[in-house]
Structures are given as structure tokens and as C-alpha cells.
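**Student:** Structure in C-alpha cells, see below.
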Amino acid sequence: MSVSARFPVVPAPAGSQRLRSAAARTFTHIMLGAALLSGMASAPAADLSLKTMRVGPLSRAYFSERAGHAVPLPLIIALHGGGSNGSMLARSTGLAEIGEAAGYMVVFPNGTGPAIDARTWNSGGCCGYAQLHKVDDVAFIRALIDKLVADGQVDRSRVFVAGLSNGGMMAYRLAAEAPELFKAVAVVSAVLDTAPESIVKGMPVIHIHGSEDPFIPFLGGVGPREATQTPRLSVARTVEAWVKANGADPRPELSEIADNVGDGTSVRQYTYHSKTDPQSVVLVEIKGGGHNWPGTTTPMVNAGRASRNLNASRTIVEFFDAHGGAAPAASAAAEGDTSGLPPGATPLPSNPPPAQPGALPAPR
């Protein structure tokens, strides 16, 4: 089944149909909306098919490439936002095309919920159906990795996780509770949804977040468009938790990209170094940006600006490359000659070089 085809709803317990409209309303603030999903990817969508597997009492679904691989590949697990699904994330971000061209297998799992446009993840304090029914999404992702490894598709030593909004919260929960599964984590428009103390081991982290996010505010608290009035941890507190876990220098280096496309956004990157990793934790602040995946051309309604000064999918893949991801030859083949860029560099080739880095305190 291709990504454009209809696909079945995960079976829900009795009585869950009455949650449909409430879930759709409640989690508008964490979903990648229909406008965003319809117009982003400039390249044709990857040829993905829907697959299912049983985890405990539930039939779980995920989207992946139709064809197999001759050798195990590094894996990117990409988690959609609340009120969305794996197919929508794949089509809206271009992550499948960029990741596959760089030598990764990219898999887009579905959360659970009573409707196609109301899938959520149980990330701890959020969200919707998955949290209400205490769905064990950590067990699902663990079982999915086990299956892909057993099928000979994936190199267990090179597994990465990325997520958007509620999916980003879930990515952080996975990194905190099951760090042995992953090499690095990437999060867009999300914060820790579990206590900072839940982090039991350090891990390379890249966090991309709009300074004007109206749903998950950069400075924390309750966003002006947050329907549930649930306060969120700040981006700074989230990043600080990973800096501490990684033993990184709390004084980041700064680089910036100006607004080169005239969309009212710019990019400020804070890079925290550890003794063993020059990119132990990277915070990419989208100045003027909203609750969106940077690189899209059609932002979610009422979610603020979607920056075109940065391609989040490419940035994430480059970060994973710098942390043991795809083979260097595969990355070079995908992007051409990258000898002039540092590993995991955020700027795209069309952007000017960033300003000289200088020590700054962590953003607040």
C-alpha cells in the first residue's frame, strides 16, 4: 500500500469512538495540519508501504520502503506529531528522500487513536488517546527495532530517532528510558515530557524550536494557542538536562544564519561541546519561527512562521551522520563534495557561512 492510499484504523477499545471529535479538537495544537501536509516536499514522495505487527494486545503500523536491502542499514525512526500519522510526516518533510539518499533506512511508525487524523504517542504527560489508554509506545518502538534487525534490514548499532511535537516528546522519552537503543536523538517543536531526572544516560541531541512557538513556548509555560492549558518545560531546561547528562560544557558556542529568503525568520545555533563530542548537544533556535518543521513552504494554520532559512530534515541527517550514521561515502554521494563543511553542519550549501562562534550563556 502506498502512502497515498487509505489505510486501516488501529482497533480501539469499546467506547473510544466518542473520543474522536474531542481528540481531534484537543490535539490540533500538536499536529502537523492538513495545509502543511499537502504542500511541502518538493521531491516525489518515497515509495513507502504500510506494514503491521502485533505488540502485546495491539496491532501496530509503520511505513517503510517497499524493497529490502542487501546489507543492514543505519535506521532513522521518525515520529509524527499528535493528530497525524507516519505517512503524513513522510510526505510533509522530505525526510524519507533525504535520509534514503544519504544511506539510511527511514521508518515512520503510527501512534494510536480512534481516527486516522488523531494518532498520538504516550510521551509521559501527553497526549490524547495514547496517554489516556496508557499505550506502551516504548515497547512498540523496541519491538519494531528488533523486527527490522531480525529481518536483516537494520544495523542495531546505528539506530536514531527523530520526532515532531508530540512525536518529539516521544523521542525524548525513548532517549531517556531506553538510551541503549539509540545513537542520537533529534527533536523539532517539542520539549521533555518526562522529568529531567528520567534521563539515565547521555546521548547526542539536536533540538530545533521556533522562538515564537504558540503551542509549546520556547520559554515554557502555557502557549497562547494551547487548548489544554498544560504548562510545558522550557527549551532551555530541556537542553540543560541533556547538557548535564552528556557532561558537556554549559557555555555554548554561537553561530547564526540571517534571513536570506525574506520570510521573517533567522537561525541561531547553540553548540555545546563535550570532551569527546564537538556537537554533544545542539540547539537550533528559529528566531521568529512557530510550531512547524523548518523547510516546509505551507505552515500549519495559526502555528506561526515556518522558516525556509533552514531545512530541518537535512540538518537532522547531517547531525546523525556526524554521530556514526551513514557511511561517509553514502553521505558524500547524496550531497556532493562536502569537504568544505564541518560534520553535521547546519547551513545548507546556498546559505552564507555563519558568524564566528563566541561563548554565550545558555538561552533563557
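The values are calculated or read from the model by the stated rules, or taken from the named source; none is laboratory data. These numbers were taken from a predicted model, which means no experiment stands behind them. Please note: Cβ atoms are built from the backbone with ideal geometry, for glycine as well, and neighbour counts cover all protein chains shown. Ligands, DNA and RNA are excluded from the accessible area calculation, which covers all protein heavy atoms including side chains. Shrake-Rupley method; radii C 1.70, N 1.55, O 1.52, S 1.80 Å.
**Student:** Divide the volume of the convex hull of the Cα atoms of the range 163-215 by its number of residues and quote the answer in cubic angstrom per residue.
**Tutor:** Dividing the Cα hull volume of the range 163-215 by its residues yields 71 Å³.
**Student:** So for each of 221-230, 301-310 I average, over its residues, the number of other beta carbons within 10 Å; can you give me the resulting order with the highest mean first?
**Tutor:** 301-310, 221-230
**Student:** What does the highest-first list of 168-175, 70-77 look like by mean Cβ count within 10 Å?
**Tutor:** The peptides rank, most packed first, as 168-175, 70-77.
**Student:** Order the peptides 117-123, 61-67 from the highest to the lowest mean number of other Cβ atoms within 10 Å of their residues.
**Tutor:** 117-123, 61-67
**Student:** Which residue, chosen from Tyr62, His133, Val161, occupies the Cα position most advanced towards the positive end of the dipole of the range 51-180, where the dipole is computed from +1 (Lys, Arg) and -1 (Asp, Glu) charges on Cβ about the Cα centre?
**Tutor:** Checked the options; the winner is His133.
**Student:** A follow-up question, please. Quick one: net charge around Pro252, please, counting Lys, Arg +1 and Asp, Glu -1 for every other residue with C-beta under 12 Å from its C-beta.
**Tutor:** Once all neighbours under 12 Å are counted, the net charge is -2.
**Student:** Could you give the accessible area per residue of the range 178-311, probe 1.4 Å, as a whole number in Å²?
**Tutor:** That works out to 38 Å² per residue.
**Student:** Now a separate question. Checking a compactness column here: for the range 189-244, what do you get for Rg(Cα) / (2.2 N^0.38 Å), N being the number of residues? Each step should come with its number before you reach the end.
**Tutor:** Values: Rg = 11.5 Å, N = 56, 2.2 N^0.38 = 10.2 Å.
Compactness ratio reported: 1.13.
**Student:** Dimensions of the range 96-249 along principal axes (Cα, Å, largest first)?
**Tutor:** Principal extents (largest minus smallest coordinate, Cα): 46, 45, 29 Å.
**Student:** Another question about this same structure. Rounded to the nearest 0.05, what FRET efficiency do Ser49 and Val200 have when you use their Cβ-Cβ distance and R0 = 41 Å?
**Tutor:** With a Förster radius of 41 Å, E is 0.70.
**Student:** When Lys and Arg each count +1 and Asp and Glu each count -1, what net charge do the other residues less than 10 Å away from Gly111, Cβ to Cβ, add up to?
**Tutor:** +1
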